[in-house]
Each structure stands twice: as C-alpha cells, then as structure tokens.
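Presented below is the structure to which this report refers.
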Amino acid sequence: MFRIFLVLLFAFTFTFKSNIFSEEIDNLKKVEIKTSAVCEHCKETIEGALQKVSGVKTSNLDVDSKIVTVEYDSQKTNIDEIKKAISKAGYDADDVKKDSRAYKRLRKCCKVD
C-alpha cells in the first residue's frame, strides 16, 4: 500500500511540475531592441539594468549591432517596461529616448553626443 502511495505521489508531483514548466514556456517571449550602446561598459550597464526587471529571464547586447535581445515572462513584464529600464539606464531603446539624468551619469566612453 505504501508503494502505491509513493508511486501516486511521484506521478502527481511530476505532472504538477510539468504543467508549471509548460506555462512558463508559453509565457516566455523574446524581443530585440535597438539601443544607443557603443562599448562593453554599455553592455554591462544595460544588461545589469535588465536583470533588475521582474520577469526578464535573459538579456544579451550585441555591441556591434547595438541590439539587445531579451527573453522575458510576458505575465510579469512587457516590452514597454523593458524599454523603460534601458532608458532609465541612460540609453535609447527603439523609439524611447534615453533618460537625460541617467545619461549624464554614464562613463565618458558611453556618451555619443
């Protein structure tokens, strides 16, 4: 009887975890955003700012193309919030202009104007 209980418990647990994992995959979105980044310091700053956004799973800025690719949970955040975080870090994010105060705090090498 105890073995049957353990088998059922294991099966229930596995099914429950599988459903949660499936929902996370369904909510996972990817977006590419053009930034005003120019160097590796910019990469660190933008990726660091995005790590603080609830729901962002990964971010990777390609400095050469100035495009940051972000994977995020659409139940926890959205593209506008992601762009806002990039702006608040001092960089343009597609059509969202950089926050001027944050821009002034950037390293000299990160400033393009």
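Within segment 77-91, residues that are touching a residue at least 40 places away in the same chain (Cβ under 8 Å) and at positive phi have Cβ atoms under 6 Å from residues that are outside any helix (DSSP H, G or I) and of a type in the set (Gly, Ala, Ser) in no pair, counting only partners at least 6 apart in sequence or on another chain.
For segment 48-85, the candidate set comprises residues that are part of a loop (DSSP other than H, G, I, E, B) and among the aliphatic types (A, V, I, L, M); within that set, the residue that is farthest from Asn27 (Cα to Cα) is Val63. Among residues of segment 24-47 being part of a helix (DSSP H, G or I) and in contact (Cβ under 8 Å) with a residue 24 or more places away in the chain, the one that is farthest from Lys104 (Cα to Cα) is Glu24.
Throughout, read-outs are computed from the coordinates displayed, never taken from laboratory work. Fair warning: this is a prediction, and the values are worked out from it, not measured in the lab. Glycine also receives a Cβ, built like all others from the backbone with ideal geometry; neighbour counts cover every protein chain displayed.
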